[in-house]
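Novice: Following this message is one structure expressed as structure tokens.
The values are calculated or read from the model by the stated rules, or taken from the named source; none is laboratory data. Note that the structure is predicted; figures quoted are calculated from it, not measured. Glycine also receives a Cβ, built like all others from the backbone with ideal geometry; neighbour counts cover every protein chain displayed.
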Amino acid sequence: MVNAIIFGAPGSGKGTYASRLQSKIGVQVIATGDIFRELMKEDTPLGREVKSYVEKGLLVPDDIVVKVLKQKLAKTSKEKGFILDGYPRTVEQAKNLEKLAKIDVIIQLKVPDWIIIERLSSRRICKNCGEVYNLRYLKPKVDMKCDKCGGPLYQRPDDMPEVIKKRIEVYERQTQPLLQYYKEKRVPFVEYETDKLETPPEVAVEEILKGLKRLKLV
Ligand code: ADP
Ligand code: ZN
């Protein structure tokens, strides 16, 4: 069992690697971005409020995020462990997490800015299951259809250039400081760094797994 946070800028590969780690080591992925995309499909006050932040590339307020995470964790099996993708994004969120679970490791993805922009602008997502594709180097087998479930692929509205810029800015200002926070808490890190756009996800995932094994976490 391992409780991990996968940490990195938007477009650094968190969702892509987390979903593959899920199939390899049986942990459950909890992705707050996915939870919010589901909520936004509903025409409810909460769905509309979440949308007003996400579409501008801003963070959803901590009180909402914390509540959503708590509910999700309560439904997650304790034996398997989890990978958090997209949570925490603020120190406030990290402090709340401490009350809910022990974190064994931070998986930190280090990717240069130019790759992030390149990836996000050609990223496509399955409307059904959220699987991530890329029109340039991680194409679906059948054009614009999900390999996993056959669902249609779409471009997230927040993957438009102006919103991408905002999300990177928000990441650097509000989320990056968390790295220092976890270093001070002495939580172990597994770092994965790449400066190649087309590194296959399998290669990245193998590297991450090696790191987890070194720490005897899997
Ligand atoms: P990425 O990591 O590619 O930016 P996500 O799918 O994780 O994308 O998040 C999409 C959006 O959902 C974020 O830009 C933000 O508006 C919102 N969001 C997701 N997780 C959080 C969080 N923990 N705190 C605040 N907002 C969040
Ligand atoms: Zn799918």
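Novice: Buried (at least 18 other Cβ atoms within 10 Å of the Cβ), at pLDDT 95 or above and near ligand 1 (Cβ under 9 Å from one of its atoms), is that true of Ala4? Before you say what the answer is, go through the steps one by one.
Specialist: Numbers: buried (at least 18 other Cβ atoms within 10 Å of the Cβ): yes; at pLDDT 95 or above: yes; near ligand 1 (Cβ under 9 Å from one of its atoms): no.
Considered against the rule, which asks whether it is buried (at least 18 other Cβ atoms within 10 Å of the Cβ), at pLDDT 95 or above and near ligand 1 (Cβ under 9 Å from one of its atoms), Ala4 comes out as no.
Novice: Does at least one position in segment 145-157 carry a residue that is outside any loop (DSSP other than H, G, I, E, B), among the aliphatic types (A, V, I, L, M), more than 16 Å from ligand 2 (Cβ to nearest atom) and modelled with pLDDT of 95 or more?
Specialist: Our first condition is that a residue be outside any loop (DSSP other than H, G, I, E, B); within segment 145-157, this holds for 145, 152-154, 157.
Pick out the ones that are also among the aliphatic types (A, V, I, L, M) and you get 153.
Retained after the next criterion (residues that are more than 16 Å from ligand 2 (Cβ to nearest atom)): none.
Looking for residues that are outside any loop (DSSP other than H, G, I, E, B), among the aliphatic types (A, V, I, L, M), more than 16 Å from ligand 2 (Cβ to nearest atom) and modelled with pLDDT of 95 or more, one finds none in segment 145-157, hence no.
Novice: What are the residues in segment 97-112 that are over 12 Å from Leu84 (Cβ atoms) and either without any contact (Cβ under 8 Å) to a residue 60 or more places away in the chain or of a type in the set (Lys, Arg) (or both), if any?
Specialist: Hits for segment 97-112 are Glu98, Lys99, Lys102, Lys110.
Novice: Test Ile116 against the stated conditions and say whether it is away from ligand 2 (no atom under 16 Å from the Cβ), under 14 Å from the mean Cα position of the chain (by Cα), under 23 Å from Gly11 (Cβ atoms) and at pLDDT 95 or above.
Specialist: Numbers: away from ligand 2 (no atom under 16 Å from the Cβ): yes; under 14 Å from the mean Cα position of the chain (by Cα): yes; under 23 Å from Gly11 (Cβ atoms): yes; at pLDDT 95 or above: no.
So Ile116 does not fit the description; no.
Novice: Could you please let me know if Ser23 is at pLDDT below 95, among the hydroxyl-bearing types (Ser, Thr, Tyr) and surrounded by fewer than 14 Cβ atoms within 10 Å (Cβ to Cβ)?
Specialist: On the way: at pLDDT below 95: yes; among the hydroxyl-bearing types (Ser, Thr, Tyr): yes; surrounded by fewer than 14 Cβ atoms within 10 Å (Cβ to Cβ): yes.
Answer is yes for this residue.
Novice: While we're on this one: Over 30 Å from Pro61 (Cβ atoms) and of a type in the set (Phe, Trp, Tyr) - does that describe any residue in segment 175-182?
Specialist: Kept after step one, since they are over 30 Å from Pro61 (Cβ atoms), are these residues of segment 175-182: none.
No, the conditions are met nowhere in segment 175-182.
Novice: Name the single residue, out of those in segment 22-48 being in contact (Cβ under 8 Å) with a residue 24 or more places away in the chain and basic (Lys, Arg), that is nearest to ligand 1 (Cβ to nearest atom).
Specialist: For segment 22-48, the residue satisfying everything is Arg37.
Novice: Only one of Val187, Val218, Val163 is touching a residue at least 40 places away in the same chain (Cβ under 8 Å) and within 22 Å of Ser19 (Cβ to Cβ); which? If you could, list the steps in order and put the result at the bottom.
Specialist: Numbers: Val187 fails: within 22 Å of Ser19 (Cβ to Cβ); Val163 fails: within 22 Å of Ser19 (Cβ to Cβ).
Testing whether each residue is touching a residue at least 40 places away in the same chain (Cβ under 8 Å) and within 22 Å of Ser19 (Cβ to Cβ) leaves just Val218.
Novice: Go through segment 126-137 and give me each residue that's in contact with a helix residue (DSSP H, G or I) (Cβ under 7 Å, 6 or more places away or on another chain), outside any loop (DSSP other than H, G, I, E, B) and either near ligand 2 (Cβ under 10 Å from one of its atoms) or among the aliphatic types (A, V, I, L, M) (or both).
Specialist: Of everything in segment 126-137, just one residue is in contact with a helix residue (DSSP H, G or I) (Cβ under 7 Å, 6 or more places away or on another chain), outside any loop (DSSP other than H, G, I, E, B) and either near ligand 2 (Cβ under 10 Å from one of its atoms) or among the aliphatic types (A, V, I, L, M) (or both), namely Val132.
Novice: Which one is farthest from ligand 1 (Cβ to nearest atom) among residues in segment 111-125 that are outside any loop (DSSP other than H, G, I, E, B) and buried (at least 20 other Cβ atoms within 10 Å of the Cβ)? If you could, list the steps in order and put the result at the bottom.
Specialist: First, the residues of segment 111-125 that are outside any loop (DSSP other than H, G, I, E, B): 113-121, 123-125.
The next check asks that each one be buried (at least 20 other Cβ atoms within 10 Å of the Cβ); those that pass are 116, 119-120, 123-125.
Working: Ile116: 9, Arg119: 9, Leu120: 7, Arg123: 8, Arg124: 13, Ile125: 9 Å.
It comes out as Arg124.
Novice: Is it true that Tyr182 is crowded, with 19+ Cβ neighbours inside 10 Å and more than 14 Å from ligand 1 (Cβ to nearest atom)? So that I can check it myself, show each step before the final result.
Specialist: Numbers: crowded, with 19+ Cβ neighbours inside 10 Å: yes; more than 14 Å from ligand 1 (Cβ to nearest atom): yes.
Considered against the rule, which asks whether it is crowded, with 19+ Cβ neighbours inside 10 Å and more than 14 Å from ligand 1 (Cβ to nearest atom), Tyr182 comes out as yes.
Novice: Continuing with this model, one more query. Could you grab me the full set of residues in segment 2-20 that are in a loop (DSSP other than H, G, I, E, B), closer than 16 Å to Asn134 by Cα and touching a Phe, Trp or Tyr at 6+ places or on another chain (Cβ under 8 Å)?
Specialist: Residues of segment 2-20 that are in a loop (DSSP other than H, G, I, E, B), as a first pass: 8-13.
Retained after the next criterion (residues that are closer than 16 Å to Asn134 by Cα): 10-13.
Of everything in segment 2-20, just one residue is in a loop (DSSP other than H, G, I, E, B), closer than 16 Å to Asn134 by Cα and touching a Phe, Trp or Tyr at 6+ places or on another chain (Cβ under 8 Å), namely Pro10.
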